[in-house]
Amino acid sequence: MLKKFLHLLTHNIGLKILAFIFAVALWLLVVNVEDPEITRSFTVPLTMENETVLTDAGKMYEMVGDTDSVRVSVTAKRSIVENLTASDFTAEVDFNDLTEDQMSGQEKLQVYINMLRYGNQVSISPAKKYVTVNIEDLETKNLTLGVSLTGTAASGYAAGETTAIPTSVQISGPKSLVDQITSAVAIADISGMDSDQVLNGTIHYYNKSGEEVDTDRLTVCDDKASVQVACNMVKEISLKATASGDPSSGYEVTGVSTDPAKVKVQGPQSVLKDMSSLTISGDALDVSDRYESFSKSLSIRSYLPEDLDLADGEEDEVKVTVTIEPYQERTISFNTDDITVTGLGSGLTAEFTDSDVSLKLALESRVADSISASDITVTADLSGYEAGTSEVTLQVSLPEGASLEEKASTEVEITSSSGSD
């Protein structure tokens with residue numbers, strides 16, 4: 001029996017070996033046709049390990065080129081590759097690989113690519129991959145938190161004093177990035193505001209050029225803040241101006257005007273509710289010894305009460321024009337019968353030669369059109385005068401706003417009551 005089996009096994013041994021080899025090759029061909037090797041690429045997120053190696057040394061890193069993933073190629077059977085996803089890989093950078101001499105500047109670190117399954121059945125390329133990191137000092141900065149408002153308050157209202165809570169913020173990160181940031185601002189929307197509000201604000205960071213800085217690589221205390229906003233009343237009031245001092249003799253201030261005549265201001269309702277005008281005065285409008293009109297541009301804000309400010313959009317400049325004009329000249333005829341005689345000696349009588357006397361007056365504009373002889377008192381003091389004809393200087397009493405341009409006099413005839421010379 002054994003001899004028969006050995007005979008069968010060794011009979012035509014060459015053909016049998018050839019058939020075996022052919023069978024194996026056919027099997028391999030079938031397998032490769034049905035499940036060939038293919039290559040596919042995957043994008044794998046980078047994981048940074050042992051970052052405390054840097055932070056413990058007061059350092060911080062930043063990826064050069066903002067790389068946060070790597071691209072790997074995988075070669076394996078189609079049945080395997082088609083079941084793979086990026087989550088089947090890990091791509092790790094280990095900061096334990098750094099030496100003391102590599103703790104500053106740009107350094108290349110190896111990326112370790114690992115398979116979570118099919119490890120022995122997969123070929124990964126490139127075999128080694130590197131990323132570049134920039135290592136620099138870790139810096140911390142405190143910034144006062146400012147406030148910026150967007151939107152428009154309800155009609156008749158405006159935002160007043162603002163307060164950010166917290167009043168300051170702290171940021172930490174790579175020195176080159178932290179040094180760029182010069183201000184922190186909480187932005188809040190006041191649309192429709194008609195009363196004091198506490199609003200939610202978002203914190204933004206800016207460089208010295210006013211450009212916003214991306215804080216993804218920074219550690220910030222928070223990206224939110226509360227913003228307290230006082231609601232001010234907005235009111236239109238009149239502008240008035242008054243001059244100080246006295247102009248040159250014979251001249252007067254006949255008018256003081258402002259351009260604009262009105263302005264909108266804002267402030268607490270308790271201050272504004274009873275306010276209807278703002279007066280501009282002081283040394284800026286001093287007319288002492290002046291005889292010509294003049295104009296000056298002044299700051300409205302400098303005359304506002306402490307709690308008030310100009311409403312948004314209002315110009316801070318007001319043009320004040322002071323008009324100076326000479327007194328008006330006018331001659332009034334005064335009836336000599338109305339002259340009051342005083343000091344006439346005993347036994348003497350006096351009679352004025354002319355029926356009237358001319359009074360040459362300089363008049364301020366406020367009385368120029370209204371003054372008349374009835375507003376004037378004229379007195380002739382004849383103390384010491386004797387009988388005969390004499391020229392007497394008259395004493396003239398005028399209302400406020402009028403003055404005598406020239407002395408007034410008239411001729412008087414004095415006679416003795418006994419008829420003697």
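Any read-out appearing in this document is the output of simple, stated calculations on the displayed coordinates, not a laboratory observation. Since the structure is predicted, the reported quantities are computational estimates derived from the model, not experimental observations. No Cβ is skipped: glycine too gets one built from the backbone with ideal geometry, and neighbour counts run over all protein chains shown.
Report the longest stretch of the chain that contains none of the trypsin sites (Lys or Arg not before Pro) sitting in a DSSP loop with at most 13 other Cβ atoms within 10 Å. Write down the numbers at each step before the final one.
Numbers: sites that count: ARG117, LYS128, LYS208, LYS273, LYS407.
With a cap of 13 other Cβ atoms within 10 Å, the longest stretch comes to 274-406.
For the range 131-261, state the semi-axes of the equivalent ellipsoid (square roots of 5 times the eigenvalues of the alpha-carbon gyration tensor), sorted largest first and rounded to whole angstrom. Let's see the in-between values first.
On the way: eigenvalues 470, 93, 26 Å².
Value: 48, 22, 11 Å, ordered largest first.
Could you state the angle between the C-alpha long axis of helix 13-34 and the longest principal axis of the C-alpha atoms of the chain, as a value from 0 to 90 degrees rounded to the nearest 10?
The two axes meet at around 20 degrees.
Charges at C-beta only: +1 for Lys and Arg, -1 for Asp and Glu. How large is the resulting dipole of the range 134-254 about its Cα centre, in Debye rounded to 20?
Working: 7 positive and 17 negative charges, 32 e Å.
Around 160 debye, computed over the range 134-254.
Add +1 for every Lys or Arg and -1 for every Asp or Glu among the other residues with Cβ under 13 Å from the Cβ of PRO166, and state the total. Walk me through the intermediate numbers first.
Details: positive: LYS224; negative: ASP222, ASP223.
Result for the local shell: -1.
Tell me the mean residue ellipticity at 222 nm calculated for the chain from its helices only (DSSP H runs of n ≥ 4, each -39500 (n - 2.57), averaged over every residue, nearest 500). Working shown, then result.
Numbers: 7 runs with 51 residues, N = 421.
So the helix-based figure for the chain works out to -3000 deg cm²/dmol.
For LYS273, give me every one of the lysines with a C-alpha distance below 24 angstrom, ignoring sequence neighbours fewer than eight places off in its own chain.
LYS235, LYS240, LYS262, LYS264
Cα-based Rg (one decimal) and Dmax (whole number) for the chain, in Å?
52.6, 207
Gain in length, ASP137 to GLU161, computed as 0.36 nm per residue apart minus the alpha-carbon separation, to one decimal in nm?
Numbers: separation 24, 0.36 × 24 = 8.64 nm, distance 3.88 nm.
That works out to 4.8 nm of additional length.
Run the reach check for LYS128 against lysines, Cα to Cα strictly under 16 Å, same-chain hits fewer than 8 apart removed. What comes back?
Qualifying lysines at Cα under 16 Å: LYS108.
Treating the beta-carbon of each Lys and Arg as +1 and of each Asp and Glu as -1, no other charges, what is the dipole magnitude of the range 75-197 about its Cα centre, to the nearest 20 debye?
Numbers: 8 positive and 16 negative charges, 164 e Å.
Computed charge dipole of the range 75-197: roughly 780 debye.
For the chain, build the charge dipole from Cβ charges (+1 Lys, Arg; -1 Asp, Glu) around the Cα centre, then report which of VAL122, ILE324, THR215 sits farthest towards its positive end.
Projecting each Cα onto the dipole axis, the largest value belongs to VAL122.
Pulled fully out, how much extra length does the chain show between LEU344 and THR55, if you take 0.36 nm times their separation in residues and subtract their Cα-Cα distance? Walk me through the numbers before you get to the answer.
Details: separation 289, 0.36 × 289 = 104.04 nm, distance 11.49 nm.
The LEU344-THR55 span can extend by a further 92.6 nm.
Considering all alpha-carbon pairs of the range 88-205, what whole percent are spaced by more than 23 angstrom? Write out the running numbers ahead of the final one.
Working: 4131 of 6903 pairs.
That tail contains 60 percent of the Cα-Cα pairs.
Over the alpha carbons of the range 328-421, what is the largest minus smallest coordinate on each principal axis, giving the biggest first in Å?
Sorted largest first, the three principal extents are 51, 19, 19 Å.
About the Cα centre, and with charges only on the beta carbon of Lys, Arg (+1) and Asp, Glu (-1), how big is the dipole of the chain? Nearest 20 debye, please. Could you put the intermediate results ahead of the total?
On the way: 30 positive and 67 negative charges, 1125 e Å.
Approximately 5400 debye in magnitude.
Taking the convex hull of the Cα atoms, report for the range 225-310 its projected area averaged over all directions, in nm². The partial results should precede the final answer.
Working: hull surface 28.3 nm².
With every direction weighted equally, the projected area is 7.1 nm².
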